[in-house]
1. Would it be correct to say that T161 is over 21 Å from the mean Cα position of the chain (by Cα), β-branched (V, I, T) and at pLDDT 85 or above?
2. Restricting to the range 295-306, and then to whatever is assigned to a strand (DSSP E or B) and farther than 22 Å from Y349 by Cα, can you tell me which residue is farthest from the chain's Cα centre (by Cα)?
3. For A410, only one of the following conditions fails: (1) open to solvent by less than 30 Å² (accessible area, probe 1.4 Å); (2) of a type in the set (A, V, I, L, M, F, W, C); (3) at pLDDT below 85. What is its number?
4. Within the range 351-387, track down each residue that is open to solvent by less than 20 Å² (accessible area, probe 1.4 Å) and in a loop (DSSP other than H, G, I, E, B).
5. Scan the range 267-279 residue by residue and report those that are within 55 Å of the chain's Cα centre (by Cα), part of a loop (DSSP other than H, G, I, E, B) and in contact (Cβ under 8 Å) with a residue 12 or more places away in the chain.
6. Tell me which residues, restricted to the range 271-294, are open to solvent by 50 Å² or more (accessible area, probe 1.4 Å), out of contact with any strand residue (DSSP E or B) (no Cβ under 7 Å at 6 or more places or on another chain) and either within 18 Å of G392 (Cα to Cα) or modelled with pLDDT of 90 or more (or both).
7. Of all residues in the range 381-409, which are free of Cβ contacts under 8 Å to residues at least 40 places away in the same chain and among the polar types (S, T, N, Q)?
8. Which residues, taken from the range 430-445, are open to solvent by 10 Å² or more (accessible area, probe 1.4 Å) and in a strand (DSSP E or B)?
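The values are calculated or read from the model by the stated rules, or taken from the named source; none is laboratory data. Please read these numbers as outputs of a predicted model, since none were measured by experiment. Cβ coordinates were reconstructed from backbone atoms using ideal geometry, including for glycine residues, and neighbour counts include every protein chain displayed. Side chains are part of the model used for accessible areas, which takes the heavy atoms of the whole protein and leaves out ligands, DNA and RNA. Shrake-Rupley method; radii C 1.70, N 1.55, O 1.52, S 1.80 Å.
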Amino acid sequence: MMFKFVAIFAIGLLIVLHINSPKINSTVHVILSNEQSVIQDTRQQIGILKLENPSPHTFSFNISYTCSMGYTFANLTSSSSDETVTINNSSIFTIIETTSSTTTTERPFIPLFRCDFNTSCFGNNQLIPTNGSEFNPAPSPNGLEPPRAPTSDVTSITTPTDNNEKCKLPYPLLLGDNINNTYSNMRFCYNNTCETSNVQEMTSTIIITERAFGPLFRCDFDSACFADDQIRRTNGSEFDPLPPPSGLEPPRAPTSDVTSITALTSNNETCRLPYQLSLDNNMNPTYPYMRFCYNNTCETDNGDIATCASGLYGLVSLNLSDSPTIISHSFNYNSTPGDSVGEQCLRFYYYFTIYNGQDWKQQIDVLIRPDNDAGRGFLIGNLTILDMEENGWQLQYITFNSTFSNYTLAFSFIVGIENRTVNSTLNRTIHFALDNIELYDFNCAYVNDQLNPTTPPTVVTSPSGK
């Protein structure tokens, strides 16, 4: 009776446990012996059954458990039976925790695609690989044109050259001794070479420390400057206006040189220009715009007549049948690295005759030509009737680029009007005059600052940059 009561109590207890436990899909028959236990997953709940009677008893109940990721069950042993699974004392559920780790490797920094065209990058010859030498500028009589395509690749101008310096961009490109073949804004390598920054540093040093200021050439015609008597020297007195009764005309050539009107006179003053010239005691006739000394005298600022400093100038006279006349002088001097594309300044005074304001196409052309190519000349200045603002000496200066140390400077005197032999009114002599010619190895702006001339000059820069 007692045994039945215990059995009923145990069955009822199992039913209660079964009702209150999570469901699983199968029923397990467990055979328990004395001192054996049933253990559920401790994360849910624990059920313990202890039987006093050592005899086997069979009952069934549902076991449920919850698994978490990362846990496994081990040490489960079973014996097969049509109805039962036997759990031994050592056969309990074991929970094993495992740990996983992730290692992140940084991606290397490299381009997904690179093409420098040293090898073929695009299939089927879609682009033509070239080093650009086919587009190198070529010298020509008409000057140097800019390149119409790159003459080198990008690497050539962005990596250090053989002197461990990068190309200095832009740099001036000169082809031979022809200053007309200069391109000042080259931004590629030419023939696989370029100018680097250390050249500019050396140039700056030389300009500052080695180039003394002074003319390379000076000619005031007091002594012969141009060989073989190419130009006649005179003090101008032969052109003094004539006294009455011949009448007083303006002088048709300078009556004195430049020094006579720019240097101090005998009373320690300079000539006041223009002044009124009278050739008789009655002050009539007079010429009110005299800009030279007359008979080696002039009127000064205090109104006195003083003696001028005398000197000579160069004269070329072209009569009716005369062809244009050219005078020239060769220069040979040692240039410095800073002068490789150096600016030079040519200063001079000039004059030519103008009759009653008429343009007979009288002009003075100024040219330079390299001594190794005497057949070619480069025009750096052209003076016409428009430049003769008054009947007096005119100061002119021209900045030009000289890329060779040996060249010839030439002045050409021209009367271009036609039919002078037919029209008698045109049958008159044209006089051209030069004085105080100076050549400096600097640009004219710098030269003028140093000399501070008292006579307002006319500024001219060679339009071609030559």
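1. Judged against the criteria, T161 is not a match.
2. Applying the filter and picking the extreme gives I305.
3. (3)
4. Those that are open to solvent by less than 20 Å² (accessible area, probe 1.4 Å) and in a loop (DSSP other than H, G, I, E, B): T353, Y355, W360.
5. If the condition is that a residue be within 55 Å of the chain's Cα centre (by Cα), part of a loop (DSSP other than H, G, I, E, B) and in contact (Cβ under 8 Å) with a residue 12 or more places away in the chain, then E269, T270, R272, L273, P274 are the ones that fit.
6. Answer for the range 271-294, where residues must be open to solvent by 50 Å² or more (accessible area, probe 1.4 Å), out of contact with any strand residue (DSSP E or B) (no Cβ under 7 Å at 6 or more places or on another chain) and either within 18 Å of G392 (Cα to Cα) or modelled with pLDDT of 90 or more (or both): L273, Y289.
7. N382, T384
8. If the condition is that a residue be open to solvent by 10 Å² or more (accessible area, probe 1.4 Å) and in a strand (DSSP E or B), then H431, N436, E438 are the ones that fit.
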